[in-house]
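Each remark here refers to the structure printed beneath this line.
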């Protein structure tokens, strides 16, 4: 008796054999290097000109604030062709960054904050357009691999770019870093221009901007597979914000100088690089919800014991945070790309990013207050309990995400 033929599936090709995916990743590396360098240098620049820690902290707020209007900004990526939009935003930022050569005193700081605000807004539009264009250009089976490698590239840049930015700032001041970032935007634009992606002709929008934005929000919230992932991502980033605000308290408990926080962040970044490399195969094997839940479940115990005054524990938990935290972000973005129709993808991506990343800012603010009022040995285990509950809800909740659960080859 002969055995029935077994069903064969096509092997998943390596992501780096996809020309457009490789070009996109090159653009991420180039622009990410400049962005990471500027993030550090802008705060130091303001501190040098004013002596104010509060004004220096406003640099990060200026870049994050446009995330609150993400749904509206993301709609732009659905109203125009995405490749020209990527080119335009890159070249716009290259030009705007050159205006920072005029910042040389406290009285001209308004220009720096204005450019940083536009920088953040352009980043929201850029991410929405890139997500939509990648979903159309890259083999759907490779989206998890691409998003994982994108995370690896971003985290890798965070390990080296701040040091380069600090050195450049020390040698040439803030304008030198601005010039570097402008150059990376020009290089990124050249990379995007080399893409062979062909976009479908755009239809004239049948509704106005506000209604288009609302359509994206309704689609995301009404999708039974995407809503749980986005909510889990938001809760995770809220808890990550609280944890981030306790970083120097953890270092103090270890008996080290504040500079030791850089060691912990480097270890965390290395963990994120690793999970980015493994994300594609893991998503195909586990599905988006289980992959995200696994990352959150790893993050929870790491936070629970983070306050223990031992270097080995601090290093191990930093690595675990680096592995666990990106998992929910990669899973959510990949699921959004798989489950959203192309014409909606820009605004749905931006809406999802707003719901996931805005809580991080709130968590940082809440953590800054709580770290002064509560014992770390109580605060961090409480945050860990919230994360464990979130992981359980994602895996055992009554809502079943038929699509998002099967983001695999």
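If you check residue 234 against the conditions, is it within 30 Å of residue 40 (Cβ to Cβ) and either at pLDDT 90 or above or surrounded by 16 or more Cβ atoms within 10 Å (Cβ to Cβ) (or both)?
Spelling it out, residue 234 is indeed within 30 Å of residue 40 (Cβ to Cβ) and either at pLDDT 90 or above or surrounded by 16 or more Cβ atoms within 10 Å (Cβ to Cβ) (or both).
Residue 224 fails exactly one of the following numbered conditions: (1) out of contact with any helix residue (DSSP H, G or I) (no Cβ under 7 Å at 6 or more places or on another chain); (2) part of a helix (DSSP H, G or I); (3) modelled with pLDDT of 80 or more. What is the number of that condition?
The single condition residue 224 does not satisfy is (2).
Quick check on this structure: which one of 308, 279 is free of Cβ contacts under 8 Å to residues at least 12 places away in the same chain and either outside any helix (DSSP H, G or I) or under 21 Å from the mean Cα position of the chain (by Cα) (or both)?
Exactly one residue qualifies, and that residue is 308.
Looking at the stretch 149-164, is at least one residue surrounded by 18 or more Cβ atoms within 10 Å (Cβ to Cβ), closer than 16 Å to residue 335 by Cβ and under 16 Å from the mean Cα position of the chain (by Cα)?
yes
Being over 20 Å from residue 242 (Cα atoms) and either surrounded by fewer than 24 Cβ atoms within 10 Å (Cβ to Cβ) or in contact with a strand residue (DSSP E or B) (Cβ under 8 Å, 6 or more places away or on another chain) (or both) is the filter here, so list the residues in the stretch 289-337 that pass it.
Within the stretch 289-337, 290, 294, 310, 311, 312 qualify.
Out of 200, 183, which single residue is modelled with pLDDT under 85 and either closer than 25 Å to residue 278 by Cα or out of contact with any strand residue (DSSP E or B) (no Cβ under 7 Å at 6 or more places or on another chain) (or both)?
200
Among the residues of the stretch 36-58, is any closer than 30 Å to residue 343 by Cβ, assigned by TED's automatic domain parsing to the domain that holds residue 94 and either touching a helix residue (DSSP H, G or I) at 6+ places or on another chain (Cβ under 8 Å) or modelled with pLDDT under 80 (or both)?
no
Do the conditions hold for residue 248, that is, is it out of contact with any strand residue (DSSP E or B) (no Cβ under 9 Å at 6 or more places or on another chain), in a helix (DSSP H, G or I) and farther than 21 Å from residue 357 by Cα?
yes
So residue 269 fits all but one of (1) crowded, with 24+ Cβ neighbours inside 10 Å; (2) touching a residue at least 60 places away in the same chain (Cβ under 8 Å); what number is the exception?
(1)
When you check residue 176 against the structure, is it touching a helix residue (DSSP H, G or I) at 6+ places or on another chain (Cβ under 8 Å), in contact (Cβ under 8 Å) with a residue 24 or more places away in the chain and in the same structural domain as residue 24 (by TED's automatic domain parsing), yes or no?
no
May I ask you to verify whether residue 407 is at pLDDT 85 or above and either within 18 Å of residue 268 (Cβ to Cβ) or surrounded by 24 or more Cβ atoms within 10 Å (Cβ to Cβ) (or both)?
no
Just to be sure before I move on: is residue 167 modelled with pLDDT under 90, buried (at least 19 other Cβ atoms within 10 Å of the Cβ) and assigned to a helix (DSSP H, G or I) in the structure I sent?
no
From (1) surrounded by fewer than 22 Cβ atoms within 10 Å (Cβ to Cβ); (2) at negative phi, pick out the condition that doesn't hold for residue 173.
Status for residue 173: all satisfied but (2).
From 250, 274, 235, 230, grab the single residue that is over 19 Å from residue 327 (Cβ atoms) and in the same structural domain as residue 296 (by TED's automatic domain parsing).
250
The values are calculated or read from the model by the stated rules, or taken from the named source; none is laboratory data. Note that the structure is a prediction, hence the values are computed from the model and not measured. A quick note on method: Cβ atoms are made from the backbone with ideal geometry, for glycine too, and the neighbour counts reach across all protein chains shown.
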